[in-house]
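Below is one structure; the comments refer to it alone.
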Amino acid sequence: MNAEQTTYGPGDANTRSYSERSPEEIEQEIEGTRQRLSDTLEALQHNLSPRERLMQAKDSALEMGDRLVRSTRAALTPDITTMIRMDHTHVLALFRRYRPGTSMARKRALVANACLALEIHATLEEEIFYPALAAFGHDEVLDKSKPEHDQMRRHIDVLRTSDPTDVGYDDTFRELMRSVLHHVADEESVLLPRAEELMGDRLGELGMQMTMRRMELLKPHLGEVAVTTAKSFPVATVALASGTLALAWLLLRPSRTRPS
Ligand SMILES: [Fe+2]
Ligand SMILES: [Fe+2]
């Protein structure tokens, strides 16, 4: 009830003077006023209590902190289609370094690095990118993407259980390269432009999801990645490693909890 409204009890008591009202009407009026005062005081006490103000300040500080972390992460994380193209570029760079005269040690590093990169990339696409794109309707290229990943995984299994000194190793890796090149061409010419046309603002949010999931998938393999990257890209390793580790630290560091 509005504090300025006054209820005087039954009938039109508010138009009559106190002398014309019955004792019951006057008593009702006093009780109503007392109740309104009590409600107002309780509301004031609640709003002005130091604990309540402290809790409100804490909530808004936490919300501001969350917003800052989210916007920093978003600024550091490319959108999902850019990230997919970057992955493709990384794997194609590894393929180019694999030549007939390459040393066995370097071939092992190149293949190990490429296999892990392809495996993580395929998982990320299957978990995040393909379902997001499928939500916009049927697409023939999208339909064959998962079976092509499975074919790629079969080549990876063969390579992981053999060695560059084995007969047929180079052929298996070349077969993997051929299927990946074909698959990448389809994604870059059909799926990525389609996603960019349909998804708009969601591309950034999906890129952030992909980065977080990538860090989880990479975490058990960081040592292996450091070694095989150093052997695969000796010159670029220092800059790449420091950038990757800085990003990993930012994304994976535990969030600080505050006492309640
Ligand atoms: Fe891809
Ligand atoms: Fe793919």
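The values are calculated or read from the model by the stated rules, or taken from the named source; none is laboratory data. Quantities reported herein were computed from a predicted structural model and do not represent experimental measurements. Backbone-built Cβ (ideal geometry, glycine too); neighbour counts: all protein chains shown.
The helices (runs of 4 or more DSSP H) located wholly in region 76-160 that include 3 or more residues which are out of contact with any His (no Cβ under 7 Å at 6 or more places or on another chain), within 14 Å of ligand 1 (Cβ to nearest atom) and in contact (Cβ under 8 Å) with a residue 60 or more places away in the chain occupy 80-97, 104-124.
For every residue, the table says whether it meets (1) over 18 Å from Ile128 (Cβ atoms); (2) modelled with pLDDT of 95 or more; (3) polar (S, T, N, Q).
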| residue | (1), (2), (3) |
| --- | --- |
| Val167 | yes, no, no |
| Leu191 | no, yes, no |
| Pro234 | yes, no, no |
| Leu250 | yes, no, no |
| Ser255 | yes, no, yes |
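Condition first: over 19 Å from the mean Cα position of the chain (by Cα), loosely packed, with under 12 Cβ neighbours inside 10 Å and within 13 Å of ligand 2 (Cβ to nearest atom). Can you find one or more residues in region 147-164 that meet it? Yes, that holds for at least one residue.
Of all residues in region 165-185, exactly one satisfies the criterion of being of a type in the set (S, T, N, Q) and within 16 Å of ligand 2 (Cβ to nearest atom), namely Ser179.
Of everything in region 165-177, what is loosely packed, with under 12 Cβ neighbours inside 10 Å and of a type in the set (D, E, K, R)? Give them in sequence order. Break it down into steps so the answer makes sense when it comes.
Narrowing region 165-177 to residues loosely packed, with under 12 Cβ neighbours inside 10 Å: 165, 167-168, 171.
If the condition is that a residue be loosely packed, with under 12 Cβ neighbours inside 10 Å and of a type in the set (D, E, K, R), then Asp171 is the only one that fits.
Inside region 181-200, can you point out the residues that are closer than 15 Å to Glu148 by Cβ and surrounded by 12 or more Cβ atoms within 10 Å (Cβ to Cβ)? Lay out the reasoning, then the answer.
In the first step, residues of region 181-200 are kept if they are closer than 15 Å to Glu148 by Cβ; the result is 181-191.
Correct list: Leu181, His183, Val184, Asp186, Glu187, Glu188, Val190, Leu191.
Among the residues of region 120-146, those that are surrounded by 15 or more Cβ atoms within 10 Å (Cβ to Cβ), under 16 Å from Leu198 (Cα atoms) and under 23 Å from the mean Cα position of the chain (by Cα) comprise Ile128, Phe129, Tyr130, Ala132, Leu133, Leu142. Which of the residues belonging to region 182-204 are in contact (Cβ under 8 Å) with a residue 24 or more places away in the chain and either touching a Leu at 6+ places or on another chain (Cβ under 9 Å) or among the charged types (D, E, K, R) (or both)? Once the filter is applied, which keeps residues that are in contact (Cβ under 8 Å) with a residue 24 or more places away in the chain and either touching a Leu at 6+ places or on another chain (Cβ under 9 Å) or among the charged types (D, E, K, R) (or both), region 182-204 yields Val184, Asp186, Glu187, Glu188, Val190, Leu191, Arg194, Ala195, Glu196, Leu198, Met199, Arg202. Scanning region 74-119 for residues that are in contact with a Ser or Thr (Cβ under 7 Å, 6 or more places away or on another chain) and loosely packed, with under 14 Cβ neighbours inside 10 Å yields a single hit, Met104.
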